[in-house]
Amino acid sequence: MSDQKRLLFAAALMAAVLFISWQFMGKSGTSDSSQTSPQPIEYVQQEQLPVLDDSVSVDKQSDEIASDKTHNTDIDEILPDERVIKVIIYDGDNVLVEADISTIGGTVTGWKLPQYEDIPGAGSGESINFNGNRWTRNSTFYETLSEDTILINEIPQTLVFIDPSGETEIKYTFTPGQYGFLYETEGLTEITTLNAGILPVSEMNSNVSRYFKAQWNAEKVKSRGSNSITEDAQVGNVEWIAARSQYFAVIMMPQSYDRAYGFLYASGEEESPSIGLQDNRIFVYAGPLDYSRLRALGRDTSRLVDFGWPIIRDIGRLLFWFCTSVLSFVSNWGIKIILLAIVLKLVLMPLTTKSFKSMAMLKQVQPKMKELQAKHKSDPKALQSAMQKLYREEGVNPLGGCLPLIMQMPVFFALYRVLANSVQLRGAPFMLWIQDLSKPEILIPFQTPILGLHGVGILALLMGIAMFLQQKMTMTDQNQKGMMYMMPIFMTFLFMRFPAGLTMYWFSNSLLTIWQQQLIKKKLEAGQS
């Protein structure tokens, strides 16, 4: 294989890896890097599961989960004196959460996040609300001395529900600036169960059957899709267990001890899963999968944000930190991505400059290479020896052009994971028609998808043109013109499916690369080193 073919093979390999990555990593958007081969759940027989209520079997409990909405209707008919306490949690002057907590069951019935639109691009004007179901299955009527509205804006406050018989008690402790609360019970079963169907579908064009997952940390982070939870299961001693969607989650963390038994319960495949935790004192986080907040929460809950495989994950964390900390003065994420492309180009410039010079010099020695090929066309070993001698004499590294491509690949994959899984990009606009950098950019939509595409994006087309020009400038073997046309076409089609933010990064990088190549070309033509 010639040196030029090796370079083109590297480019083709990158395209193949991108395509495979999109197929197996990008579609779900919620799989953790450590879960490429999901670990099997240790399923247990129902009689082995701890009973959730002294008088109710596991079979009956599963029936209660499935028929929870029916129970709610019956409760409303039997107990018309229900009170709903409104809890508003502030972070400074901003409202983080507007919660509704009912005296029937002492359970959360609504959990609205005013800072997040329910479905970006749908135009409903509503905030996302975790109100698909009552959070717990308890149907006891409770009393409370609380006012109808509680403002959590300065100090933590506790909301207490007491069973009139005095047998059970439920406490919620809310803290300003937190998407969560401390949940404590007395006189109830040791296992706190979160009902199925709490989390909503919050993204357009989602595959609902693959949208929700249960995830937990027992020595390492594992997960299981709602559609594969067909039996009640104990998942071992966990540091936390969560029901999650692409960008939001309800996480349960034991507080009585570091670990507690976690449980999964069979539920509908198109709703968020039902999970349980064996503790009477639990911290419940209910909010966005914000990497910074989860990292502050501890116990590796930040792994809920999937930044990819180990090495890619570290690069992704660095890119995320740079965008959210160093570039914190920039509010527009599109501009952040362009600035990131510029900074990465400057960091890699010494290496890429050397590589582009090598490629430009390789193009200049093409006539001499053709002479050697004609001279030694019947003796491959002699041709190879002569070519190596020519490279040494001219100071050319035939494989030097691969280095910029190889260096870009881990950064590209890491940025892909960051853009696809960071809630900060959810619904983040750039300008004009680009109103969501986490989704493919579409200027001309299709009524029905064509080859998996929902429309045509201008950014991807511009990126393809820039890639064509870039390859044309560096092409050293005219026999490889076919690849010069096929690669941009294939990559354009691929980027039509990628987040607009990623396409913007690659387009910006391509423009900067063309500019750099032009500078190097002028220097070489002027005889500068």
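Any read-out appearing in this document is the output of simple, stated calculations on the displayed coordinates, not a laboratory observation. From a predicted model like this one, the values you see are computed outputs, not experimental measurements. Ideal geometry is used to build each Cβ from the backbone, glycine not excepted, and the neighbour counts take in all protein chains shown.
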- [ ] Just order 326-337, 456-467 by mean Cβ neighbour count inside 10 Å, highest at the front, would you?
- [x] 456-467, 326-337
Task: For peptides 496-509, 285-298, sequence by mean Cβ density within 10 Å, most packed first - done: 496-509, 285-298
Task: Sequence ranges 439-449, 181-191, 129-139, ranked by mean other-Cβ count within 10 angstrom, highest first - done: 129-139, 181-191, 439-449
Open item on the list: Once the cut-off is 17 Å, how many percent of the Cα-Cα pairs in region 337-387 end up in the long-distance tail?
Closed with: 57
Open item on the list: Let me test this: with uniform point scatterers at the alpha carbons of region 184-301, what is the Debye-based log₁₀ I(q)/I(0) at q = 0.22 1/Å?
Closed with: -1.27
Task: Lys pairs, region 43-303 - Cα-Cα below 30 angstrom, 8 or more residues apart or on other chains - done: 17
Open item on the list: Quick check on the exposure proxy: order Val423, Val305, Val208 from fewest to most C-beta atoms within 10 angstrom.
Closed with: Val208, Val423, Val305
Task: 5 angstrom amide H check on Gly457, placed H, neighbours 5+ away - done: Leu443
- [ ] Would you kindly derive the ³J(HN,Hα) couplings of region 151-165 from the backbone phi angles with the Karplus curve 6.51 cos²θ - 1.76 cosθ + 1.60 (θ = phi - 60°), listing them in order in whole Hz, with x for Gly and Pro?
- [x] 9, 9, 10, 10, 10, x, 9, 10, 9, 10, 10, 10, 5, x, 6
Open item on the list: Antiparallel versus total DSSP beta bridges in region 43-303: what percent is that, nearest 5?
Closed with: 95
Open item on the list: Give me the three principal axis extents of region 104-143 from the C-alpha atoms, as integers in angstrom, largest value leading.
Closed with: 40, 15, 10
Open item on the list: Give me the extension gain from Phe446 to Glu186: residue separation times 0.36 nm, minus the current Cα-Cα distance, reported in nm with one decimal.
Closed with: 88.0 nm
TODO: Would you kindly state how much longer the chain becomes between Asn94 and Lys389 on full extension, computed as 0.36 nm times their sequence separation minus their alpha carbon distance, in nm to one decimal?
DONE: 99.3 nm
Task: Hz values of 3J(HN,Hα) by residue in region 124-139 - Karplus curve (6.51, -1.76, 1.60), Gly and Pro given as x - done: 6, x, 8, 8, 5, 9, 7, 10, x, 6, 5, 5, 10, 8, 4, 10
- [ ] Mind listing the long-range amide H neighbours of Thr109? Cut-off is under 5 Å, sequence gap 5 or more, other chains count too, H placed in the peptide plane at 1.01 Å from N.
- [x] Asp100, Ile101, Ser102
Task: Reciprocal of mean inverse Cα separation for region 289-446 (Kirkwood radius, Å) - done: 19.2
- [ ] Would you please state which residues of region 417-445 a label at Trp515 would reach in this model, taking the label point 7 Å out along Cα→Cβ and a backbone N cut-off of under 17 Å?
- [x] none
- [ ] Would you please give the FRET efficiency between Leu318 and Ser378, computed as 1/(1 + (r/R0)^6) with r the Cβ-Cβ distance and R0 = 60 Å, to the nearest 0.05?
- [x] 0.70
TODO: Over all alpha-carbon pairs of region 43-303, lay out the pair-distance distribution in 5 Å bins, whole %, shortest bin first.
DONE: 1, 6, 13, 18, 21, 19, 13, 7, 2, 0, 0
Task: Potential extension, Val160-Arg83 segment - 0.36 nm per residue separation minus Cα distance - done: 26.4 nm
